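The values are calculated or read from the model by the stated rules, or taken from the named source; none is laboratory data. What you see is a predicted model, and the numbers here were worked out from it, not measured in a lab. Because the Cβ atoms are built from the backbone with ideal geometry, glycine has one as well, and the counts that use them run over all protein chains shown. These accessible areas exclude ligands, DNA and RNA; they are computed on the full protein's heavy atoms, side chains included. Shrake-Rupley method; radii C 1.70, N 1.55, O 1.52, S 1.80 Å.
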Amino acid sequence: MNVYPPFSQHMPQANRTIRPYARQEDETAMSLVSPVQILQGNITPPACQYTHNVPAVVFSSGSFAGNLFHEFSEILIPLFITSRHFQSRLHFIVTDFSPSFIGKFEDILSHLSSYKVINPTANGSVHCFPGAVVGLHYHGNLAIKSSDIPRGYSMLDFKQFLRKSYNLKIRDLSQPEQPVLILISRQSSRRFLNENEMVTMMKALGFKVVIARPNAMSNLDKYAQVVNTSSVMVGAHGAGLTNALFLPQGAVLVQLVPLGVDWASTNYFGGPATEMGLNYIEYKIEPEESSLLSFYGCNHPVITNPASIFAKGYTAARAVYIDRQNMYINVVSFRKTLVKVLRLLGRSAPSGRRNRVLR
């Protein structure tokens with residue numbers, strides 16, 4: 001796609017190439033994004049076939065789209081930052097056009113723009129706009145830096161925007177008779193090998209447990225409603241925890257941290273959770289709770305020195321800690337974490353026979 005800015009002696013005259021995706025520093029991400037040519041200078045542009053009276057924002061729905069964490073961190077939150085102040089009076093032009101992305105996030109896109117998304121591949125016409133923003137600005141993992149924005153938007157503002165987009169009713173955590181705990185159930189790597197045992201323990205503590213499997217999470221409209229009525233979200237490190245965006249403020253996010261994933265867990269979800277107005281608790285598993293122990297043995301560097309594995313590069317570390325690892329959670333130990341969750345919710349663990357049996 002070519003963009004022709006109006007000629008001005010005060011603008012740089014050199015042509016430029018921009019890949020309109022927010023993760024500009026990530027070479028892998030940018031290699032998956034189609035370039036947009038900015039043709040500047042004393043050039044006669046082609047004649048307008050369509051003339052619009054509102055500006056355009058050009059961004060890519062390619063690269064790491066398809067992963068919910070990346071979609072929010074690198075497309076949707078940057079898009080909110082860039083376009084919210086236009087008050088829906090702008091056109092979106094989406095390169096690397098993905099129909100599944102557009103359909104999945106139709107509620108968000110339609111609340112940011114009052115106009116139909118333009119696919120430049122299907123619509124090769126010449127469109128003229130009074131102005132355009134090409135590309136998005138990345139603030140971090142599920143992050144908005146208020147100090148970098150004149151209007152001072154924050155993640156709480158973004159959550160309020162999501163509530164409006166998905167018509168979510170609950171802003172702040174209420175005190176239902178039985179707190180709802182939503183458990184992210186992974187089906188590939190980082191699975192809970194004793195999930196049924198975990199659920200039994202959770203129910204014994206008084207939680208109403210909703211198990212969220214990938215097929216349920218695929219319909220974001222419906223799933224956002226389910227999350228919004230929950231008091232607690234529990235899950236292993238992974239993209240599914242991005243759905244904490246739909247939790248009411250004051251709810252609790254519990255992240256189970258596999259071996260070797262401490263930094264990513266804290267930085268991808270721990271820090272952002274507090275910026276969203278959530279309580280956050282980590283449960284770091286012991287080697288005995290990781291399936292890697294049976295693969296490598298207790299004296300292997302994978303178990304004793306994860307840093308040495310990461311020193312070989314992210315690809316090598318990911319193959320072990322992200323793609324190969326599952327967990328068998330010690331429910332007695334993890335129960336103590338959920339008792340802390342109950343305290344954060346203003347509740348206490350039930351006493352009686354069921355409580356004694358679990359001990």
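Any idea how many residues of the stretch 75-129 are surrounded by fewer than 13 Cβ atoms within 10 Å (Cβ to Cβ) and in contact with an Asp or Glu (Cβ under 7 Å, 6 or more places away or on another chain)?
Going through the stretch 75-129 one residue at a time, the tally reaches 0.
Restricting attention to the stretch 227-259, report how many residues are in a helix (DSSP H, G or I) and at positive phi.
Within the stretch 227-259, residues that are in a helix (DSSP H, G or I) and at positive phi number 0.
Hey, any hits in the stretch 74-89 for a residue that's assigned to a loop (DSSP other than H, G, I, E, B), over 21 Å from residue 225 (Cα atoms), out of contact with any His (no Cβ under 7 Å at 6 or more places or on another chain) and free of Cβ contacts under 8 Å to residues at least 60 places away in the same chain?
Looking for residues that are assigned to a loop (DSSP other than H, G, I, E, B), over 21 Å from residue 225 (Cα atoms), out of contact with any His (no Cβ under 7 Å at 6 or more places or on another chain) and free of Cβ contacts under 8 Å to residues at least 60 places away in the same chain, one finds at least one in the stretch 74-89, hence yes.
Within the set of pairs 6 or more residues apart or between chains, which connect a residue that is of a type in the set (Ser, Thr, Tyr) inside the stretch 147-158 to a residue that is in a loop (DSSP other than H, G, I, E, B) and open to solvent by less than 30 Å² (accessible area, probe 1.4 Å) with Cβ atoms less than 7 Å apart?
153/144; 154/144
So the check is Cβ under 6 Å with 6+ separation or different chains; which pairs have a first residue in the stretch 21-38 that's assigned to a loop (DSSP other than H, G, I, E, B) and a second one that's surrounded by fewer than 16 Cβ atoms within 10 Å (Cβ to Cβ)?
As it stands, the answer is 35/17, since those pairs meet every condition given.
Within the stretch 304-328, take every residue that is within 30 Å of residue 232 (Cα to Cα) and among the β-branched types (Val, Ile, Thr) and give me the one that is surrounded by the fewest Cβ atoms within 10 Å (Cβ to Cβ).
322
Looking at residue 142, is it surrounded by 17 or more Cβ atoms within 10 Å (Cβ to Cβ), more than 28 Å from residue 40 (Cα to Cα) and within 18 Å of the chain's Cα centre (by Cα)?
So residue 142 passes the test.
Filter the stretch 168-226 for residues that are assigned to a loop (DSSP other than H, G, I, E, B), surrounded by 14 or more Cβ atoms within 10 Å (Cβ to Cβ) and of a type in the set (D, E, K, R); which is nearest to the chain's Cα centre (by Cα)? Lay out the reasoning, then the answer.
Taking the stretch 168-226 as the starting set, the residues that turn out to be assigned to a loop (DSSP other than H, G, I, E, B) are 168-171, 173-179, 185-191, 193-194, 205-207, 213, 218-219.
Remaining after also requiring surrounded by 14 or more Cβ atoms within 10 Å (Cβ to Cβ): 168, 170-171, 173, 179, 185-186, 189-191, 194, 205-207.
In the following step, the residues that additionally are of a type in the set (D, E, K, R) were identified as 171, 186, 190-191.
On the way: 171: 19, 186: 16, 190: 18, 191: 19 Å.
This residue is 186.
Any residue at all in the stretch 147-160 that is open to solvent by 20 Å² or more (accessible area, probe 1.4 Å), within 25 Å of residue 236 (Cα to Cα), in contact with a strand residue (DSSP E or B) (Cβ under 8 Å, 6 or more places away or on another chain) and not small (Gly, Ala, Ser)?
Looking through the stretch 147-160, at least one residue is open to solvent by 20 Å² or more (accessible area, probe 1.4 Å), within 25 Å of residue 236 (Cα to Cα), in contact with a strand residue (DSSP E or B) (Cβ under 8 Å, 6 or more places away or on another chain) and not small (Gly, Ala, Ser).
Looking at the stretch 260-276, which of its residues are touching a helix residue (DSSP H, G or I) at 6+ places or on another chain (Cβ under 6 Å), open to solvent by 10 Å² or more (accessible area, probe 1.4 Å) and either over 28 Å from residue 228 (Cβ atoms) or assigned to a loop (DSSP other than H, G, I, E, B) (or both)?
Selection gives 260 alone.
Filter the stretch 2-21 down to the residues that are surrounded by 13 or more Cβ atoms within 10 Å (Cβ to Cβ) and touching a Gly at 6+ places or on another chain (Cβ under 8 Å), then identify the one that is modelled with the lowest pLDDT.
Top of the filtered list is 7.
Given the condition without any contact (Cβ under 8 Å) to a residue 40 or more places away in the chain, in contact with a Phe, Trp or Tyr (Cβ under 7 Å, 6 or more places away or on another chain) and open to solvent by 50 Å² or more (accessible area, probe 1.4 Å), answer yes or no: does some residue in the stretch 329-351 qualify?
Within the stretch 329-351, not a single residue is without any contact (Cβ under 8 Å) to a residue 40 or more places away in the chain, in contact with a Phe, Trp or Tyr (Cβ under 7 Å, 6 or more places away or on another chain) and open to solvent by 50 Å² or more (accessible area, probe 1.4 Å).
Taking only pairs six or more apart or across chains, which ones have beta-carbon atoms under 7 Å, a first residue in the stretch 213-242 that is farther than 26 Å from residue 337 by Cα, and a second residue that is open to solvent by 20 Å² or more (accessible area, probe 1.4 Å) and not in a loop (DSSP other than H, G, I, E, B)?
220/104; 221/107
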